[in-house]
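> Before I ask anything, let me first share the structure, which is written out below as structure tokens.
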Amino acid sequence: MAYQALYRQWRPQDFSHMVGQEAIVETLRHQVQTGRIAHAYLFCGSRGTGKTSTAKILARAINCTHPINGDPCGECETCKRMQAEDFMDILEFDAASNSRVEDARELLEKVSFPPQFGAYKVYIIDEVHMLSNSAFNALLKTLEEPPEYLVFILATTEPYRLPATILSRCQRFDFGRIPAVLIQRRLREAAEGAGGEATDGALMSIARAAEGGMRDALSILDMCLGYGKKVDEALVRTVLGTSDRSFLFQFSSALREEQAADVLRLVDELISSGKDPQVFSRDVSGHLRTLLMAKYCGGEISEILSLTDEDAEEYVRESEKYASSRLMDMLDLFMHLETELRYSTSPRIALECAAMKCCLRTEATDQLALNDRISELEARISALQDQIASGASVQVERKSNEKEKGHSAPVTSRAGSKGKQAAKALTPTGRGTDEIWNEALKALKTAAPSVSGMLMMGTYQGSNGTEYRWKANPTFSVIAQSLNTPERKAQIEEALTAAAGVSCTFVATDSSEDQKKTEEASDESYLQTLKDTFGEEPVDVIDELPE
């Protein structure tokens with residue numbers, strides 16, 4: 001007998017052997033038991049999740065003469081005919097290769113004939129979204145008012161492509177992706193049934209690569225068993241062309257440390273070993289996603305991503321070395337790379353280019369890189385504040401003027417000392433001026449949004465307790481003049497007075513006043529130089545002609 005692929009050998013014959021989809025299975029079983037059979041079903045979901053298998057089981061169950069708990073008994077004459085595929089009342093129709101209206105009409109011509117052996121005549125239409133609009137229109141009338149013995153089961157991976165008139169006439173069931181743990185369990189049964197041996201890590205790698213599709217998982221296992229009876233993680237990586245976890249950690253570490261030479265060396269090593277850049281790009285995306293989830297979820301990723309406790313701890317430790325924004329930027333780059341590689345004529349160059357973008361992110365012209373550096377500095381400052389709060393001594397470098405001092409002197413600060421906190425200006429009521437300014441800004445957002453928006457285009461310069469000073473950014477100098485108008489100035493002073501509890505004034509300045517002061521200081525310096533050179537006494541200038 002010819003060899004039969006694993007996914008065909010392990011196709012479930014009844015609902016009890018279905019993996020996952022518990023809610024759908026229970027609903028269909030109950031309908032079979034109670035006889036509440038709908039005239040049209042729509043099974044939706046990604047590939048390999050059990051749509052066609054469920055359709056065949058349902059077709060056999062409703063035609064079985066003695067169903068057991070909603071499952072076909074497998075013993076009656078009808079079940080034996082269906083198992084032998086000698087049953088004319090169940091017709092399978094592939095819409096992908098029969099999408100024309102003529103094909104649909106030919107199918108519907110047989111609808112008027114009642115079932116020959118069973119209670120129902122079942123039409124299973126796979127990939128129904130491939131039918132043309134004319135074919136859907138031809139199907140619509142029969143689907144709306146079919147004979148009582150007729151049942152349609154439509155299966156599709158793209159339900160959004162079906163007309164609303166078809167969707168509204170079907171009972172819809174959405175098949176979700178099968179969890180990796182359940183796939184691993186069925187793969188072990190299949191491997192043992194085929195006389196092979198497989199490690200838990202190898203089966204989990206296959207389950208993850210299948211992305212929730214049982215058929216894909218069984219096909220990958222079938223390929224692995226073709227190499228030999230023993231299946232381990234190294235063999236699975238060879239079959240799939242993926243990279244091992246240690247290489248991914250090494251590659252991501254080089255990206256994090258911006259070691260461009262190491263990154264290029266690793267890419268060369270990858271290509272030399274025969275790996276596909278597109279597969280590697282997908283592996284890196286998955287690796288960075290796991291690091292990002294580890295940063296936010298911690299040890300919980302062992303359950304979310306079906307990882308061992310040791311692997312989860314390794315990801316958590318590694319994720320602590322990254323800023324969140326940095327991980328998201330790198331993940332975004334490699335996600336875009338996956339799309340680019342589908343159409344790229346030079347996959348290696350595209351991979352190297354994306355990797356270099358991750359390494360060269362500290363360029364001053366890169367706004368995203370600037371955000372990353374700010375996040376890293378904020379993390380360092382937060383750690384420093386925690387040390388100060390706990391009473392630990394902190395070394396701070398204080399740079400002095402090179403003309404006055406030829407070296408930098410370290411200054412030690414200890415929590416609890418008088419120099420720990422900078423003196424803050426207080427109002428006559430004892431409240432901080434910064435607090436009052438922020439409170440006034442909040443009030444202005446509601447009372448005068450336009451004034452609040454103008455204040456965001458400058459910086460708060462401080463206060464002596466009653467007078468509050470604000471300075472416009474250089475590119476928005478004209479804002480200062482607008483805020484100094486009597487109407488807007490009165491609005492700001494009113495908000496400040498209400499927040500402070502005492503009468504307050506407001507002064508807006510711009511960079512032109514600073515420039516004026518700088519020019520005046522420069523003029524005074526020039527005059528002082530002239531006085532030092534010629535003295536303050538009047539000087540007579542005499543022109544002497546050479547003899």
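Matching residues to (1) surrounded by 15 or more Cβ atoms within 10 Å (Cβ to Cβ); (2) free of Cβ contacts under 8 Å to residues at least 40 places away in the same chain; (3) among the basic types (Lys, Arg):
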site: Phe113; (1), (2), (3): no, yes, no
site: Leu131; (1), (2), (3): yes, yes, no
site: Val151; (1), (2), (3): yes, no, no
site: Ala164; (1), (2), (3): no, yes, no
site: Phe175; (1), (2), (3): yes, no, no
site: Ala190; (1), (2), (3): yes, no, no
site: Ala202; (1), (2), (3): yes, yes, no
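> I would also like to ask the following. Out of curiosity, is Ile62 in a helix (DSSP H, G or I), more than 24 Å from Met130 (Cα to Cα), in contact (Cβ under 8 Å) with a residue 60 or more places away in the chain and of a type in the set (Val, Ile, Thr)?
Judged against the criteria, Ile62 is a match.
> Note down all Cβ pairs under 8 Å where the first residue falls in the stretch 69-92 and is not assigned by TED's automatic domain parsing to the domain that holds Tyr149, the second is assigned to a loop (DSSP other than H, G, I, E, B), and they're at least six residues apart or on different chains.
Once the first residue is not assigned by TED's automatic domain parsing to the domain that holds Tyr149 and sits in the stretch 69-92, no partner that is assigned to a loop (DSSP other than H, G, I, E, B) comes close enough.
> Something else now. Sort out for me the helices (runs of 4 or more DSSP H) sitting completely within the stretch 126-213 that have 2 or more residues that are touching a Phe, Trp or Tyr at 6+ places or on another chain (Cβ under 9 Å).
133-144, 164-167, 180-193
> Pick out the one residue from Thr49, Thr65, Thr34 that is within 26 Å of Pro159 (Cβ to Cβ) and assigned by TED's automatic domain parsing to the domain that holds Ala155.
Thr49
> Whether any residue in the stretch 109-119 is touching a Leu at 6+ places or on another chain (Cβ under 7 Å), hydrophobic (A, V, I, L, M, F, W, C), within 23 Å of Asn63 (Cα to Cα) and not in a strand (DSSP E or B) is what I want to check.
yes
> Show me the helices (runs of 4 or more DSSP H) found entirely inside the stretch 231-334 where at least 1 residues are crowded, with 18+ Cβ neighbours inside 10 Å and either under 22 Å from the mean Cα position of the chain (by Cα) or among the polar types (S, T, N, Q) (or both).
In the stretch 231-334, 245-256, 277-297, 301-304, 309-319 are the helices (runs of 4 or more DSSP H) which contain 1 or more residues that are crowded, with 18+ Cβ neighbours inside 10 Å and either under 22 Å from the mean Cα position of the chain (by Cα) or among the polar types (S, T, N, Q) (or both).
> So, one more: Cβ-Cβ below 6 Å, separation at least six or inter-chain, first residue in the stretch 244-270 and closer than 19 Å to Leu333 by Cα, second among the charged types (D, E, K, R): which pairs?
Ala254/Asp262; Val267/Glu352
> Also, I was wondering about something else. I want to confirm something. Restricting to the stretch 43-55 and keeping residues that are in contact with a strand residue (DSSP E or B) (Cβ under 7 Å, 6 or more places away or on another chain) and either of a type in the set (A, V, I, L, M) or surrounded by fewer than 20 Cβ atoms within 10 Å (Cβ to Cβ) (or both), which single residue is farthest from Arg81 (Cα to Cα)?
Thr52
> Quick one: would you say Pro12 is farther than 27 Å from Glu211 by Cα, at pLDDT below 90, outside the structural domain of Leu225 (by TED's automatic domain parsing) and outside any helix (DSSP H, G or I)?
When the stated conditions are applied, Pro12 does not pass them.
> Further question on the same structure: Among the residues of the stretch 489-520, what is the count of those that are part of a helix (DSSP H, G or I) and either closer than 13 Å to Thr433 by Cα or at pLDDT 85 or above (or both)?
12
> Here is a list of conditions, (1) in contact with a Pro (Cβ under 8 Å, 6 or more places away or on another chain); (2) in contact (Cβ under 8 Å) with a residue 40 or more places away in the chain, and Gln33 meets all of them except one; can you say which number that is?
So Gln33 meets the others, but not (2).
> For the stretch 35-42, does any single residue satisfy the condition of being part of a strand (DSSP E or B), at pLDDT 90 or above, surrounded by 20 or more Cβ atoms within 10 Å (Cβ to Cβ) and out of contact with any Lys or Arg (no Cβ under 7 Å at 6 or more places or on another chain)?
yes
> Do you know which residues across the stretch 188-219 are among the aliphatic types (A, V, I, L, M) and in contact with a strand residue (DSSP E or B) (Cβ under 7 Å, 6 or more places away or on another chain)?
Listed by number, the residues that qualify are Ala191, Ala198, Ala202.
> Right, Ala104: in a helix (DSSP H, G or I), small (Gly, Ala, Ser) and surrounded by 13 or more Cβ atoms within 10 Å (Cβ to Cβ) or not?
It is true that Ala104 is in a helix (DSSP H, G or I), small (Gly, Ala, Ser) and surrounded by 13 or more Cβ atoms within 10 Å (Cβ to Cβ).
> So, in the stretch 452-462, how many residues would count as being free of Cβ contacts under 8 Å to residues at least 40 places away in the same chain and in contact with a strand residue (DSSP E or B) (Cβ under 8 Å, 6 or more places away or on another chain)?
Counting residues in the stretch 452-462 that are free of Cβ contacts under 8 Å to residues at least 40 places away in the same chain and in contact with a strand residue (DSSP E or B) (Cβ under 8 Å, 6 or more places away or on another chain) gives 5.
> Residues in the stretch 10-27 that are touching a residue at least 40 places away in the same chain (Cβ under 8 Å) and either aliphatic (A, V, I, L, M) or farther than 22 Å from Cys64 by Cα (or both): how many?
Within the stretch 10-27, residues that are touching a residue at least 40 places away in the same chain (Cβ under 8 Å) and either aliphatic (A, V, I, L, M) or farther than 22 Å from Cys64 by Cα (or both) number 4.
> Considering only the stretch 434-464, how many residues are of a type in the set (S, T, N, Q), part of a strand (DSSP E or B) and closer than 14 Å to Ala499 by Cβ?
Of the residues in the stretch 434-464, 1 are of a type in the set (S, T, N, Q), part of a strand (DSSP E or B) and closer than 14 Å to Ala499 by Cβ.
The values are calculated or read from the model by the stated rules, or taken from the named source; none is laboratory data. What you see is a predicted model, and the numbers here were worked out from it, not measured in a lab. Counting neighbours? That spans all protein chains shown, and the Cβs are built from the backbone with ideal geometry, glycine included.
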